[in-house]
1. Once the piece of chain linking residue 127 and residue 194 is laid out straight, how much longer is it, given 0.36 nm per residue of separation minus the C-alpha distance between them?
2. Given a 1.4 angstrom probe, I'd like the percentage of the accessible area of the chain that is carbon and sulfur, rounded to a whole number.
3. Using the beta-carbon distance between residue 18 and residue 96 and R0 = 30 Å, what value does 1/(1 + (r/R0)^6) give for FRET efficiency, to the nearest 0.05?
4. When the chain is treated as a GNM, springs tying every alpha-carbon pair under 10 Å, which of 230, 52, 137 comes out with the largest mean-square fluctuation?
5. Gain in length, residue 260 to residue 10, computed as 0.36 nm per residue apart minus the alpha-carbon separation, to one decimal in nm?
6. For the stretch 182-239, which trypsin sites (Lys or Arg not before Pro) pass both filters: DSSP loop (anything but H, G, I, E, B) and at most 12 other C-beta atoms within 10 Å?
7. So for the pair residue 169, residue 213, with labels modelled 7 Å out along Cα→Cβ, what separation do we get in nm?
8. Between 124, 100, 89, whose Cα lies farthest towards the positive end of the dipole of the stretch 71-133 when Lys and Arg beta carbons carry +1 and Asp and Glu beta carbons carry -1, centred on the Cα centre?
Amino acid sequence: MISKGFSIRKQIPGWPDDGPISPCFKALSGFVDQDLPDSPRGFGRRTVSPVGADLARIYAQRSLRVLFADTGGSGVAPWRGLIILDADFRDEGQVQSPATIAMIAHELTHLLQREINQPHYWPSGGLRPTFGRRWIGDSTNYMEVISYLVGWTVEYDFTLARMSSPGRTPGQQARDERTLATIRDRLATLTGPDPRNACRLLLKLFPKNAVYRQNYRVESRSPDGRIPPGSWHNWLRQMGFSRPAIDHIMVLASRGHAEWIEADQVT
């Protein structure tokens with residue numbers, strides 16, 4: 001954690017220029033030009049990512065703390081009000097690619113979940129001695145499903161926007177196309193009718209993730225799998241996301257191919 005040095009800084013409301021993740025918030029709220037026949041001279045503007053713009057709006061009046069350390073390139077939201085990011089994501093490093101923007105969006109979504117603070121379904125992550133669970137930083141795989149819905153959609157939108165950038169080679173364009181197709185398929189699985197299948201997708205994609213595997217073992221002992229009642233879009237609405245943003249996720253998911261993962265594929 002200390003090989004790259006570490007620092008903790010507070011992100012205050014309003015995305016000040018010196019805020020630790022203001023570059024990411026400004027990117028999430030960014031616009032692109034597009035051809036709109038009913039706009040003056042045929043051109044208008046739209047947000048790069050409806051989901052990302054919602055996330056930036058939600059945090060416009062919130063504060064949080066950001067710890068930069070050597071995480072091996074990952075992010076963590078261990079408890080309410082704190083995210084941990086790799087030191088390489090300081091300043092403009094956090095907007096170096098669609099994937100890095102998406103990773104931060106993923107962790108910011110976890111903080112919204114922790115604000116719900118319902119220990120069984122939406123733990124705050126704070127100290128809570130409980131047999132069989134992490135005493136600090138407790139989480140669920142359904143929390144991950146929701147955060148990946150947000151993060152992967154943000155990555156999709158920024159990848160799509162990047163494809164129109166001048167100078168992209170045919171090889172880069174082809175890689176971007178493959179990324180978009182992969183994300184559509186993942187979104188189709190995550191938004192499917194069986195949330196347990198959505199949770200299993202994460203175990204299949206990240207078989208070495210110790211947290212996901214520990215969550216899976218704990219959740220297999222719970223009748224409801226620590227999956228809250230209600231749909232994924234209902235929970236995103238409760239976190240502050242708009243209906244157009246949720247519709248955007250649904251449209252992308254409808255263009256993908258859902259996958260069914262048997263339990264024996266992840267055990």
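The values are calculated or read from the model by the stated rules, or taken from the named source; none is laboratory data. Small disclaimer: the values here were computed from a predicted structure and weren't measured. Using ideal geometry, Cβ is built from the backbone for each residue, glycine included, and neighbour counts are taken over all protein chains shown. Each accessible area value is taken on the protein alone, full model and side chains, heavy atoms only, with ligands, DNA and RNA left out. Shrake-Rupley method; radii C 1.70, N 1.55, O 1.52, S 1.80 Å.
1. Working: separation 67, 0.36 × 67 = 24.12 nm, distance 3.10 nm.
Separation in residues times 0.36 nm, less the Cα-Cα distance, equals 21.0 nm.
2. Values: 7150 of 13010 Å².
In the chain, the share of accessible area belonging to carbon and sulfur is 55 percent.
3. Details: r = 19 Å, r/R0 = 0.64.
About 0.95, to the nearest 0.05.
4. Checking each option, the largest mean-square fluctuation is seen for 230.
5. Numbers: separation 250, 0.36 × 250 = 90.00 nm, distance 4.18 nm.
Residue separation times 0.36 nm, minus the Cα-Cα distance, leaves 85.8 nm.
6. On the way: sites: 184, 186, 196, 200, 204, 208, 213, 217, 221, 226, 237; in loops: 208, 221, 226.
Answer in residue order: 208, 221.
7. For the pair residue 169/residue 213, the computed spacing is 3.7 nm.
8. 124
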